Structure formats: C-alpha cells, structure tokens
Amino acid sequence: MSAPAQARLPALVLPGGGARGAYQVGVLRALGEILEDQATPFPVITGISAGAINAGVMASYADDFRLGAERLAHFWGHLSCDQVYRTGWLHNLGTGLHWLAAMTLGGLGVANPKSLFDNQPLAELLERELRPEAIEACVASGALKALMITTSGYSTNRAITFFQADPRVPGWQLPRRIGQPAAIDHNHLLASTALPLLFPARRIGHEFHGDGGLRQTAPLGPALQMGADRLVIIGTRDEVQDPEPTRLQAYPGLGDIGGYLLDIIFMDHLSADLDRLERTNRMLEQWPGDCPPPEGLRRVDSVYIRPSQDLREVGQRHAHRIPASVKTLLRGIGAWGSGRMAGFLLFEAEFCRELMALGYRDGMAAEEQIRVLMGED
C-alpha cells in the first residue's frame with residue numbers, strides 16, 4: 001500500500017559507469033530545472049563507483065540542488081585523463097614492464113602490481129573539491145537525510161554501504177550486504193570508484209575496498225533500507241539489445257571482455273533489481289484490502305532515466321582523445337580491443353560534455369514522469 005503523501009521519501013540513485021558518469025550530470029541539470037521550486041528534492045542520495053563522486057558532490061549541495069548540478073557540470077566539463085590517473089610515458093612504461101616482470105617471474109623478487117593505472121591525481125582532486133563539512137551541515141539542517149556510498153570489501157566479500165545520516169539511524173546487516181555509519185570523505189569515493197585491475201583498492205579501516213558494483217547485487221537496496229519510496233535512477237547504458245551478428249566475428253580481445261564485464265557490474269544488477277521492484281508493486285496492487293501486506297513491503301515508485309543513444313558508440317568516436325601512452329599500455333596487454341573500454345576511461349572534457357548534453361535532453365524528455373513522481377501534478 002502507498003504511504004501517505006506527506007510521508008513519502010524521494011531518493012536519487014546514481015550507479016556507476018566510469019567516465020560515463022558525465023551523462024548523469026546532464027540529467028541532474030535537467031532535474032534542477034524541472035524541480036526548480038524544490039531546493040532539496042532528494043533527502044536520500046546513493047552512489048556507486050563514478051556515481052559515488054556525483055552523489056558526494058550533490059550531497060554537499062543538498063540544500064541547493066540546482067547549484068550542486070552546475071558545480072558538477074563545471075567539474076566534468078573541464079576534466080582530463082591526467083586529472084584522474086597518471087598518463088605520463090615514463091610512468092606507464094614502468095607499469096607495463098612491472099606487469100611483464102611479475103608475470104614472467106611469477107612474482108619472484110618482484111612485488112605484484114596493484115593496478116594498471118595510478119589514480120593518485122583523482123585522490124588529490126577529490127580531496128580539494130569535496131566538501132565533507134558541507135555534507136555534515138546538510139545532515140544537521142535536515143536538508144539531507146542520508147548520503148550512501150557503496151564499496152566492495154575484498155576481505156569480507158560483501159557490499160558495504162557507508163552512510164552519513166543522523167546518528168540515531170541504525171545500520172543493517174543482510175547476507176553479503178551491510179550498512180555502516182561513517183563520516184563520508186574522499187577515501188570512500190575513491191574506494192567505490194576502484195575499478196578492479198584498472199585502479200588500486202583503497203584501505204578503509206582494516207580492509208581494502210574496491211568498486212561498489214562488484215558485490216552490490218541490489219543497487220536500489222541502500223535507498224530502500226533508508227525508507228525511500230520514490231526513486232529517480234540515472235543509468236549509464238541504454239537497454240536496447242545488441243543485434244545478432246550477420247557474419248563471423250573476430251575472437252574477443254581483453255578489451256572487449258573487459259568492457260563486457262564492466263557492463264555487467266554496472267548495469268545488469270540494476271536491471272534485475274528494477275524487475276524485482278516492479279514485481280513487488282504488482283503483487284501489492286493485487287493484495288487483498290482486508291489483509292495487511294507482509295512487514296517491510298511497500299509500494300515504491302520510480303523513474304529510470306537512461307541514455308537514448310549507445311554510449312559505447314559515443315566513446316568510440318572520442319577514443320582518439322585518450323592519451324597515447326594509455327592506449328599503448330592497453331594495447332601491450334591486449335586490453336584495447338575495439339575500443340569498447342574507452343567509455344570507462346575517457347575522462348576528457350569533449351567526451352564528457354557530449355554525454356552531459358545527451359543527459360540533459362533525456363532528463364528534460366522525462367519531465368512529465370518526474371513531476372508526477374515528485375507529486376507536482
């Protein structure tokens with residue numbers, strides 16, 4: 001059964017997608033215009049991977065949503081790969097030789113490499129740009145009920161959702177998924193964005209953490225645990241099925257397989273979770289009116305905004321913008337392939353601006369759905 005209108009709680013859900021996260025920013029700008037009369041439309045904000053960066057910034061501007069979206073647009077619109085990971089020839093040549101030595105010698109006398117890329121530039125950028133004190137102030141003022149950032153714990157093999165909220169809000173523990181109170185800072189965002197093999201894991205407490213999409217099989221779960229019953233979800237992949245090949249395809253390279261696996265991590269879990277949500281809503285619609293539904297079940301309405309174009313094609317058009325040293329490193333280990341991974345690593349302003357423009361158009365196209373969901377009609 002639906003909760004009373006005055007008790008309904010909206011949430012913003014931002015899954016991952018590497019550099020495709022720029023698409024979410026365009027949608028956020030559209031939401032800022034559509035909901036311009038609501039300074040704080042989303043009291044709950046959740047983020048995974050690149051979505052964690054967007055969530056962290058939006059949470060720090062929870063009392064002025066439109067300004068937060070504009071700040072993010074400036075951030076992504078002036079981004080370059082060397083602000084996210086080291087792109088120098090000397091560094092990447094050393095990384096390639098390190099991997100070669102480790103594989104050739106079996107680790108004897110050579111420390112195992114941590115990752116293909118060093119994202120220390122992103123760590124420095126987030127430490128400068130993120131405003132943890134603003135997140136705390138928004139929670140204290142009531143503009144923000146919770147910021148939720150999900151990582152994957154490599155030792156405990158579970159999804160860990162760190163959340164910053166009122167101290168009275170309890171954590172939770174489910175099979176392979178827990179919620180843990182925390183004061184969110186740039187380390188949590190870096191941990192959530194640590195794509196496996198590409199970027200190094202981040203230590204929080206006594207455990208190393210990687211990309212939140214690895215273990216989070218229920219991406220909507222954190223928002224639902226916080227009591228949200230209206231969700232705006234911004235995906236980073238279209239749902240159009242790829243066509244059947246009409247001729248024999250080349251054997252997939254590591255780049256193709258890597259892009260395929262990243263698609264699974266970021267999007268397949270979300271699609272499955274949305275299917276579960278819809279089934280629950282249909283079941284509640286048919287529930288006998290004289291019998292209360294099982295405890296914990298409630299109707300949850302959602303709007304899912306996703307790209308109207310294939311972002312892989314956009315990434316391939318801009319793949320030439322990836323620094324030559326990075327392409328050489330990826331080719332050297334067979335991970336460049338057809339360029340399918342470009343969209344995850346292409347943190348270049350021109351690519352990001354095209355994605356933001358597409359996101360803005362898609363967000364405005366969903367205006368009626370948004371207004372209905374948020375109770376404006």
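Worth a mention:
- No other residue among T46, T40 is at pLDDT below 95 and in contact with a helix residue (DSSP H, G or I) (Cβ under 7 Å, 6 or more places away or on another chain) apart from T40.
- V44 in contact with a Lys or Arg (Cβ under 7 Å, 6 or more places away or on another chain) and under 25 Å from E278 (Cα atoms): yes
- Within segment 266-281, restricting attention to residues that are open to solvent by 60 Å² or more (accessible area, probe 1.4 Å), among the acidic types (D, E) and at pLDDT 85 or above, the residue that is nearest to D229 (Cα to Cα) is E278.
- Those residues of segment 79-88 which are in contact with an Asp or Glu (Cβ under 7 Å, 6 or more places away or on another chain) and part of a helix (DSSP H, G or I), in sequence order: C81
- Segment 282-314, residues that are loosely packed, with under 15 Cβ neighbours inside 10 Å, touching a Leu at 6+ places or on another chain (Cβ under 8 Å) and small (G, A, S): S308
- Strands (runs of 3 or more DSSP E) fully within segment 144-214 counting 2 or more residues that are within 22 Å of Y61 (Cα to Cα) and open to solvent by 10 Å² or more (accessible area, probe 1.4 Å): 158-165
- Of the helices (runs of 4 or more DSSP H) lying entirely inside segment 1-78, not one is found with 1 or more residues being touching a strand residue (DSSP E or B) at 6+ places or on another chain (Cβ under 8 Å) and either without any contact (Cβ under 8 Å) to a residue 12 or more places away in the chain or open to solvent by 30 Å² or more (accessible area, probe 1.4 Å) (or both).
- Matching residues, segment 249-284, being under 21 Å from the mean Cα position of the chain (by Cα) and hydrophobic (A, V, I, L, M, F, W, C): I257, L261, L262, I264, I265, F266, M267, L270, A272, L274, L277
- Residues located in segment 239-264, provided they are open to solvent by 30 Å² or more (accessible area, probe 1.4 Å) and under 20 Å from Y304 (Cβ atoms): E239, V240, Q241, D242, I264
- Filter result for A182 (within 15 Å of the chain's Cα centre (by Cα) and modelled with pLDDT of 90 or more): no
- The one condition in (1) at pLDDT 85 or above; (2) touching a Gly at 6+ places or on another chain (Cβ under 9 Å) that L231 fails to fulfil: (2)
- Yes/no for D229 being of a type in the set (D, E), closer than 30 Å to R361 by Cβ, touching a residue at least 24 places away in the same chain (Cβ under 8 Å) and surrounded by 23 or more Cβ atoms within 10 Å (Cβ to Cβ): no
- Residue within segment 335-344 that is at pLDDT 90 or above and surrounded by 19 or more Cβ atoms within 10 Å (Cβ to Cβ) present: no
- Selection of segment 120-143 for residues being within 17 Å of the chain's Cα centre (by Cα) and part of a loop (DSSP other than H, G, I, E, B) yields only L130.
The values are calculated or read from the model by the stated rules, or taken from the named source; none is laboratory data. Please read these numbers as outputs of a predicted model, since none were measured by experiment. Neighbour counts are summed over all protein chains in view; Cβ atoms, including those assigned to glycine, are modelled from backbone coordinates with ideal geometry. Just the protein is used for accessible areas: all its heavy atoms, side chains included, with ligands, DNA and RNA removed. Shrake-Rupley method; radii C 1.70, N 1.55, O 1.52, S 1.80 Å.
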